[in-house]
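Structure, as structure tokens:
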Amino acid sequence: MIRSSLNSLGAKVVVAASSDENHPPESIIDGDTKTFWMTTGMFPQEFIIRFADPTNITAVTLDSYNVKHLKVEKNISQKASQFEFVTEKELEQTEGHLQSNAIPLNGSSATHLRFIITSGYDHFVSVHRVSIQN
Amino acid sequence: MVKLRARCLLVGDAAVGKSALSHMFHSDGALFQKNYSMTTGVELLLKCVNIPETNDSVELYIIDSAGKDTLVEACEKMWGELSLLCLVFDLTSEQSFANCSHWMERVRAYCQGCHIPGVLVGNKTDLCARREVQASVAQEWAQSQGLEYHETSAKDKENCDAPLLSLAQAFHSLYRERLETTQNLGPG
């Protein structure tokens, strides 16, 4: 099965705590692991994805590099506020290749997903792709 | 164009001039505190540094931490996750230079193996008649610790922005390096 990229499904990154114009947050949802969003120093770092409609999500897969601790929050509101905690995970360090982690979200419905990177294995970390399983 | 953010720890013995230096840097040389007032906790100063020949900048969160030994432990709790180190000693005090190795040990233990770029600063070049630490000696030790060495005078406004500019540049190079590594990564 070919999974469509999140942006082709109408999703958007509405908040990102770091900005390098050569590595914009849109790279997270373009379905391509070669493009990435890079954090530009200090933690925590976060980004928020908004879906076009409330979406049932059983799991989310994150392709990243040097992310150590990740928290995921969600809401079912039109606004990117008042999030509720869903899960958190300590990711293993990889060298020379991306971290790829499936994070179960238990089929909950969401309009926004908020990813908070509370720590990293380096000063800078990158997120290459977020994809969802319905 | 990118704006980086770095948390820079400023440490060294009490009264070597850490706060004077950070205020000089922060105010672009407008403010030298004539009266000594010991820092008893941690002071946070924010300063944006442009990286020459680029459109990039580094926002430095300078953590000016008390040097007095009885206060250090309490201050350590407020250091947070560090990106850069600025270690300062007084050129007229051999003891403050000798203690730099203790400061390095403390910072290394705190960072738990994470590499952070750093500079060593010999302050008070204006008091040349009372100098106790020779530049070559300080330079050699700095090199052995992987630090870049600078001499400053906060009072005479001499060279005060050099240490923090070189730290900002080191952080910027680190970012560039990491970008390149990230671009060459294989799939997960």
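The values are calculated or read from the model by the stated rules, or taken from the named source; none is laboratory data. The shown structure was predicted, so the numbers you read here are calculated from the model rather than taken from an experiment. No Cβ is skipped: glycine too gets one built from the backbone with ideal geometry, and neighbour counts run over all protein chains shown. We work out accessible area using only protein heavy atoms, side chains counted, and drop any ligands, DNA or RNA first. Shrake-Rupley method; radii C 1.70, N 1.55, O 1.52, S 1.80 Å.
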Taking the chain alone as reference and the full protein assembly as comparison, with a 1.4 Å probe on protein heavy atoms only, the residues of the stretch A:36-64 that lose at least 50 Å² of accessible area are A:38, A:40, A:42
Result for the protein assembly as shown: accessible area per residue, probe 1.4 angstrom, in square angstrom, of 48
Over its alpha-carbon atoms, chain A yields an Rg and a Dmax in Å of 13.5, 39
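With viscosity set to 0.692 mPa s and temperature to 37 °C, compute the Stokes-Einstein D of the stretch A:68-134, Rh being the Kirkwood radius across alpha carbon pairs; µm²/s, no decimals. Write out the running numbers ahead of the final one.
Details: Rh = 13.3 Å.
For the chosen part, D equals 247 µm²/s.
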For the stretch A:28-45, Karplus-derived ³J(HN,Hα) couplings (6.51, -1.76, 1.60; θ = phi - 60°; whole Hz; x for glycine and proline) come out as 5, 10, 8, x, 10, 7, 7, 8, 8, 9, 10, 7, 10, x, 6, 10, x, 10
Between the modelled labels at residue A:14 and residue B:127 (7 Å from Cα along Cα→Cβ) the distance in nm is 5.8
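How fast does the protein assembly as shown diffuse by Stokes-Einstein, in µm²/s, taking the Kirkwood radius from C-alpha pairs at 10 °C and 1.306 mPa s? Walk me through the numbers on the way to the answer.
Working: Rh = 21.5 Å.
Rounded to a whole number, D works out at 74 µm²/s.
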Phi-derived 3J(HN,Hα) across the stretch B:42-50 with the Karplus relation (6.51, -1.76, 1.60, θ = phi - 60°), rounded Hz, x for Gly and Pro, is 10, 10, 10, 10, 10, 8, 9, 10, 7
Bounding extents of the stretch A:32-91 in its principal axis frame from Cα atoms, largest first in Å, are 30, 25, 21
Each label sits 7 Å from Cα toward the beta-carbon; between residue B:98 and residue B:78 the label points are separated, in nm, by 3.0
For chain B, the percent of accessible surface on carbon and sulfur atoms (probe 1.4 angstrom, ligands and nucleic acids excluded) is 48
Links exceeding 30 Å between C-alpha atoms in this model, out of A:79/B:77; A:71/B:18; B:47/B:77; A:89/B:18, come to A:79/B:77; A:71/B:18; A:89/B:18
Rounded to the nearest whole number, the per residue volume of the convex hull around the C-alpha atoms of the stretch B:88-155 in Å³ is 76
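What's the FRET efficiency of residue B:53 with residue B:158 using the Cβ-Cβ distance as r and R₀ = 30 Å, to the nearest 0.05? Present the calculation step by step, with values, prior to reporting the outcome.
Numbers: r = 24 Å, r/R0 = 0.81.
Step by step, r from the Cβ atoms, then E = 0.80.
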Counting only protein heavy atoms with a 1.4 Å probe and every protein chain in place, the carbon and sulfur fraction of the accessible surface of the stretch A:30-134 in whole percent equals 44
On the formula 1/(1 + (r/R0)^6), with r taken between the Cβ atoms of residue A:85 and residue A:21 and R0 of 56 Å, the FRET efficiency rounded to 0.05 is 0.95
For residue B:3, the aspartates and glutamates lying under 14 Å Cα to Cα, once residues fewer than eight places off in the same chain are dropped, come out as A:20, A:21, B:56, B:59
Listed by chain and number, the residues whose amide H is under 5 Å from that of residue A:6, excluding neighbours fewer than 5 places away on the same chain and using placed H, are A:31
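Please average, across the residues of A:123-134, the number of beta carbons from any other chain that are within 10 Å of each residue's own beta carbon, and give a whole number.
On the way: counts 16, 10, 2, 6, 0, 4, 2, 0, 0, 0, 0, 0.
Mean inter-chain Cβ contacts per residue within 10 Å come to 3.
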Result for interface chain A to chain B, accessible surface buried in total, 1.4 Å probe, Å² to 100, stands at 2000
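For a Förster distance of 41 Å, can you work out the FRET efficiency between the beta-carbons of residue A:95 and residue B:134, rounded to the nearest 0.05? It would help to have the intermediate numbers written out before the result.
Working: r = 43 Å, r/R0 = 1.04.
Step by step, r from the Cβ atoms, then E = 0.45.
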Largest-first semi-axes in Å of the equivalent ellipsoid built from the Cα gyration tensor of the stretch B:67-184 are 26, 19, 13
Rg from C-alpha atoms of the stretch B:148-188, normalised by the globular rule of thumb 2.2 N^0.38 Å, equals 1.83
Computed on Cα atoms, Rg of the stretch B:1-97 relative to 2.2 N^0.38 Å comes out at 1.14
